[in-house]
Amino acid sequence: MRVLITGGAGFIGSHLADAYLGRGDEVTIIDDLSTGSIHNIEHIKKHPRFHYTIDSVQNYPIVTELVDGCDVVFHLAAAVGVKLIVESPVRTIETNVRGTEVVLAAANKKKKKVLIASTSEVYGLSDQVPFREDGNLVMGATTKGRWSYACSKAIDEFLALAYWREKKLPTIVVRLFNTVGPRQTGQYGMVIPTLVKQALAGRPLTVYGDGKQTRCFGYVGDIVDALVKLMDREEAVGQVFNIGSNEEVSIATLAERIRELTGSSSEIVFVPYSEAYEEGFEDMPRRVPDISKISALVGFRPKTSLDGILREVIAYHAGVAV
Ligand code: UDP
């Protein structure tokens, strides 16, 4: 199979590229290296079945050419990271909406199957935990920059599903919950690499708010496995799937665990949201996926425990081979 991955030099995209190369498939990626990094693909850059184009996913002629040369498309290119979104809302909206428009229009020409990566952010302020794919999405006010990410991704979902209904372009939507592992950078706000780096450097661990907010952290290897399986299933077309772990942990507990596993003596400091992000910032108090839909279709089960993930991320940042 010839696979195109937009955002293929990103954290999840590069692991997906590894998985397809491992299966013997042909992989092409496009990435503008805005939040992705050439380091993520350094180890496969010279692989005979790997091809890369450094360009924007908003470049229609280039994307069309790449889509034409592939059988299936994973659209992962997006502006991600709460910090980046709050600081650069224009870039977030434009990258996420225009990028998806371009990819879907290009794929539609020859009806290439497209999997669109959306996000658990779309559940917004919903309190219907665990979140089900058919549940309501509850957006915050438009004056709060954070929600532009959720809205831009919700538009991507609508568009992908509309292409399927109206034009019979086979599309699949996945809502990725917090995904972590080696190669993820803390530069755009992600909590695990941020806290791990702080602990290793002996700096204070910054827990935002009161630390009681919860998340479920899925291991990138498990998530990529689910993406590959989903792409192979005809029944997935026209559907939305949650993908992630359902092991819930508070951020304060997470910080303590990271401190223990790194053997760090760093203190844990609580930083108000207004200082960490912006005045009036709203966080999601709980975020837990209902994963019964993807489990039923492809037998998905998050295999890697939080401790297992943390050990691997710590080893990665400490520069030790795992
Ligand atoms: N967070 C934190 N300290 C940090 C970075 C993030 O306490 O240095 C918190 C953040 O406010 C959120 C959770 O950790 O409640 C997860 O944040 P992340 O940016 O990783 O992903 P999100 O779930 O917000 O998309």
With charges only on Cβ, +1 for K and R and -1 for D and E, what is the dipole size of region 163-317 about its Cα centre, in debye, rounded to 20? 480
Per principal axis, largest first, the Cα atoms of region 200-266 extend in Å by 51, 22, 16
For region 96-164: relative contact order, % (alpha-carbon pairs under 8 angstrom, 6 or more apart): 40
List the longest stretch of the chain that has no exposed loop site; here a site is one of the GluC sites (Glu not before Pro) assigned by DSSP to anything other than H, G, I, E or B, with at most 13 other Cβ within 10 Å. 43-266
Computed over region 250-322: relative contact order in percent, which uses C-alpha pairs under 8 Å that are six or more apart: 22
With an 8 Å cut-off on Cα pairs and a minimum separation of 6 or more residues, tell me the relative contact order of the chain in percent. 17
Share of pairwise Cα separations in region 175-294, more than 22 Å, in percent: 41
Mind jotting down the three principal axis lengths of the chain based on Cα atoms? Whole angstrom, largest first. 56, 44, 37
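From the P(r) of region 1-131, could you give the percentage of C-alpha pairs in the tail past 24 Å?
29
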Cross-link list Lys229/Lys303; Lys113/Lys167; Lys110/Lys153: which exceed 19 angstrom alpha carbon to alpha carbon? Lys110/Lys153
Taking the solvent-accessible surface of protein heavy atoms with a 1.4 Å probe, what is the per residue accessible area of region 23-66 in Å²? 53
Which percent of the accessible heavy-atom area of region 53-185 goes to carbon and sulfur, probe 1.4 angstrom? 55
Pop a pseudo-label 7 angstrom from the Cα along the beta-carbon direction at both Tyr60 and Ala141 and give the gap in nm to one decimal. 3.7
Pairwise centroid distance, computed over Cα atoms, of region 49-103 with region 253-322, Å: 26
Principal axis extents for region 127-234, Cα atoms only, whole Å, descending order, please. 55, 36, 24
Provide the FRET efficiency to the nearest 0.05 for the Asp210-Ala296 pair, computing r from the beta carbons and using R0 = 35 Å. 0.45
Helix 191-201 versus the longest principal axis of the chain: what angle, 0 to 90°, nearest 10, using Cα atoms? 50
What distance in nm separates the simple spin-label points at Thr253 and Glu94, each placed 7 Å from Cα in the Cβ direction? 4.2
Stokes-Einstein D for region 1-76, Kirkwood Rh over Cα pairs, 20 °C, 1.002 mPa s (µm²/s): 181
Accessible area per residue for region 248-322 in Å², computed with a 1.4 Å probe and the full protein assembly in place, what is it? 52
Averaged per residue, what accessible surface does region 112-206 expose to a 1.4 Å probe, in Å²? 39
In nm, to one decimal, how far is the Glu279 label point from the Leu33 one, both placed 7 Å along Cα→Cβ? 3.9
Which ³J(HN,Hα) values in Hz, rounded to whole numbers, follow from the phi angles of region 258-266 under the Karplus curve 6.51 cos²θ - 1.76 cosθ + 1.60, where θ = phi - 60° and Gly and Pro get x? 5, 5, 5, 5, 8, x, 7, 9, 4
Averaged over every viewing direction, what's the projected area of the C-alpha convex hull for region 229-322? Give it in nm², one decimal, please. 9.1
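The values are calculated or read from the model by the stated rules, or taken from the named source; none is laboratory data. Everything numeric here is computed off the predicted structure, so don't read it as measured data. Neighbour counts are summed over all protein chains in view; Cβ atoms, including those assigned to glycine, are modelled from backbone coordinates with ideal geometry. Side chains included, ligands, DNA and RNA excluded: accessible areas come from the protein's heavy atoms. Shrake-Rupley method; radii C 1.70, N 1.55, O 1.52, S 1.80 Å.
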